[in-house]
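The values are calculated or read from the model by the stated rules, or taken from the named source; none is laboratory data. Since this is a predicted model, take the numbers as computed values, not measurements. Neighbour counts are summed over all protein chains in view; Cβ atoms, including those assigned to glycine, are modelled from backbone coordinates with ideal geometry.
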Amino acid sequence: MTTARYSGDGRARGHFLSVLIILFLLVPLRPAWSGVEEKREIFVSSNGWHTGIIIAVRDVPDERIPEARDFGGARYLEFGWGDAAFYPAPDPGLGITLRAVVPGPAVIHVSPLNGEPDEVFRGGVEAISISLDRDGFIALVDYIHDSFERGGEKRVWPSARGLYPFSMFYPATGRFHLFNTCNTWTARALAAGGLDINAAGAQRAEDVMVQLRATKMN
């Protein structure tokens, strides 16, 4: 569902945002970075076309990704980045697909998971677990934090409903184009976390996963 379609009903949008604000106020704060252990596990997901990064909600302090409080009760959150028109569209069509080739605005898709990723994803989706040290984990979360376009505010509200039940799209920083894709974004996040990942050669989902599988074998 695109932002334009969702914003067409002002009353529905107002009700939707009111519910989110209430949930935001009810969800308890998470610990500061001082509570992060030496090692943290993350997951990288791939459906063969698109990759995402999955992080346990309990590991992320509120001040780094305050939007996480929109998903009260979730155990994990999956973050993906993509073109603002193509990514949210259920049936993008040729016109939107061609426009995604040239630089354009981006969005972040946040999807809640209520179980372990290897239990939630069955058939068609691969999830690779990665262990990061404390500094690497903090750097990766900071990369995701900086990917939200908050316009100088402490947090940003969803711009559209997501692709799955309870998932949401948010405005994002950066410009999507043929050589800066969702998978390039994932690769850069992993490189920020200290992994030996070449983002320049990661336009496709499999480009990312091949490098991760090699990292796991070393």
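Answer with yes or no whether LEU163 is under 20 Å from ALA84 (Cα atoms), in contact (Cβ under 8 Å) with a residue 60 or more places away in the chain and surrounded by fewer than 20 Cβ atoms within 10 Å (Cβ to Cβ).
Yes.
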*Checking ALA139 against (1) farther than 21 Å from LEU113 by Cα; (2) in contact with a Gly (Cβ under 7 Å, 6 or more places away or on another chain); (3) outside any helix (DSSP H, G or I), the condition it does not meet*: (3)
_Near pairs, Cβ below 9 angstrom, 6+ apart or cross-chain, from segment 202-213 (on the phi < 0 side of the Ramachandran plot and at pLDDT below 90) to any residue that is buried (at least 17 other Cβ atoms within 10 Å of the Cβ) and small (Gly, Ala, Ser)_ = ALA202/ALA187
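Might you check whether a residue that is assigned to a loop (DSSP other than H, G, I, E, B) and modelled with pLDDT of 95 or more occurs anywhere in segment 104-126? Outline the logic, then answer.
Pass one, segment 104-126, residues assigned to a loop (DSSP other than H, G, I, E, B): 114-116, 121-125.
Checking which are modelled with pLDDT of 95 or more leaves us with none.
No, there is no match, as no residue in segment 104-126 is assigned to a loop (DSSP other than H, G, I, E, B) and modelled with pLDDT of 95 or more.
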*List, please: which pairs have Cβ atoms under 6 Å, are six or more places apart or on different chains, and start with a residue in segment 44-71 that is farther than 19 Å from PHE169 by Cβ and end with one that is among the acidic types (Asp, Glu) and modelled with pLDDT under 95?*
SER46/GLU126
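Quick one: in segment 85-101, of everything that is outside any helix (DSSP H, G or I) and not hydrophobic (A, V, I, L, M, F, W, C), which residue is modelled with the lowest pLDDT?
Start the filter on segment 85-101 by keeping residues that are outside any helix (DSSP H, G or I), which leaves 85-92, 100-101.
Keeping just the survivors that are not hydrophobic (A, V, I, L, M, F, W, C) gives 87-88, 90-92.
Details: TYR87: 78, PRO88: 74, PRO90: 57, ASP91: 49, PRO92: 45.
Per the stated criteria, the residue is PRO92.
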*Consider GLY82 carefully, then state whether it is at pLDDT below 95, within 21 Å of SER45 (Cα to Cα), part of a strand (DSSP E or B) and out of contact with any Lys or Arg (no Cβ under 6 Å at 6 or more places or on another chain).*
yes
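Pull up segment 168-195, narrow it to residues that are among the polar types (S, T, N, Q) and either at pLDDT 95 or above or assigned to a helix (DSSP H, G or I) (or both), then point me to the one that is surrounded by the most Cβ atoms within 10 Å (Cβ to Cβ). Spell out the reasoning first.
Of the residues in segment 168-195, the ones among the polar types (S, T, N, Q) are 173, 180-181, 183-184, 186.
The next check asks that each one be either at pLDDT 95 or above or assigned to a helix (DSSP H, G or I) (or both); those that pass are 173, 183-184, 186.
Values: THR173: 13, ASN183: 25, THR184: 24, THR186: 28.
Only one residue fits best here, namely THR186.
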